[in-house]
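Structure first, then comments.
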Amino acid sequence: MHGLVVLVLFLIVWGSWYRKLIAAFAPAVSLRLRLVTGLIPLAAFSAFAGLFLRYADASALKDDFWCLAFPVIGALCLRLTVLLLDGLQLQLPADITGRNNPASLPAFAGALLGVAALNVGSNLGRGDEAYTTLFPLALTSALWVAFAVLLAACTPLLSATVTDRRITASVQLGAVWLTSGLILARAAAGDWVSFSATTLDLLGAMPALAVLLTSARYIGRLAPLLTVCIILVVSSFWLPQASAWHLP
């Protein structure tokens, strides 16, 4: 029952975005492409909501209010991510319905999956109060936004995706955004100890993000599949460790 209610709440939060996707008629845009575009936010949210309902702290799952509130917060985070991408000129569904630019889809998917990972990580571990989830989520979200903006400013990947419509650059950009989300999610995951301990855990992820940002300047020369494999493997060695983690 909770799963159905969560899905309805997601559609309420994302209603205006889906209305734009459906209403903008462009004969050149295939129905299949519209369906793929529409499924990306739903897939990212479903991944988060499913893992939340399976692995979140028992105190949150037993409370009907927070059992619904945290997924709604996740949906809002994903919706705010779209607004950030709009500011970076990666505009969906307009790129599909207006400019017929499907090259932006991989980057869009990587960004939403990265933010979904932040929400999952912030909900993993024991904590008796709402702030034990909301504080790491707020901090990881702020760090991810800063990383996303720096990535757009310091590398050619975004301009190659939006202006040049290069699908390879979009795949690489999405992979970097997803990897940064996974790194921060791993830093946020674990049992609550204190505000300072959580902050230190997240600061421990900074070397990994710095290496990822630096390497992103040079990955444009690689094949996209090779890029995805390299950054996921390399980042796994940089995932910060903390004695406070006791994951299920």
Computed over region 2-236, the relative contact order (Cα-Cα under 8 Å, seq sep at least six) in percent reads 21 percent
Applying the gyration tensor rule to the Cα atoms of region 2-236 (axes a ≥ b ≥ c; rounded if a/c under 1.5, else prolate if a/b exceeds b/c, else oblate), the class is oblate
Along the dipole axis of region 2-236 (charges at Cβ: +1 for Lys and Arg, -1 for Asp and Glu; origin at the Cα centre), the most positive-end residue among 6, 198, 17 is 17
On the formula 1/(1 + (r/R0)^6), with r taken between the Cβ atoms of residue 22 and residue 55 and R0 of 30 Å, the FRET efficiency rounded to 0.05 is 0.35
HN-Hα couplings for region 203-217 via Karplus (6.51, -1.76, 1.60; θ = phi - 60°), in whole Hz with x for Gly/Pro, come out as 5, x, 7, 4, x, 5, 5, 5, 5, 5, 5, 5, 5, 5, 5
To the nearest 20 debye, region 2-236 has a Cα-centred charge dipole, built from +1 on Lys and Arg Cβ and -1 on Asp and Glu Cβ, of 880 debye
Taking a crude spin-label model, label points 7 Å out from Cα along the C-beta direction, the residue 196 to residue 150 distance in nm is 2.5 nm
Footprinting proxy, 163, 168: sorted fewest to most Cβ within 10 Å, the residues are 163, 168
Assertion target for 96, 22, ordered by fewest C-beta neighbours within 10 angstrom first, is 22, 96
Contour minus Cα-Cα span, residue 43 to residue 68, at 0.36 nm per residue, comes to 7.2 nm
Region 56-110 and region 150-191 have their Cα centres apart by a whole-number Å value of 15 Å
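FYI, it's all coordinate maths here, none of it is from the lab. Values in this document were obtained by computation on a predicted structure and should not be read as measured data. For neighbour counting, all protein chains shown are included, and Cβ atoms are generated from backbone atoms with ideal geometry for every residue, glycine included.
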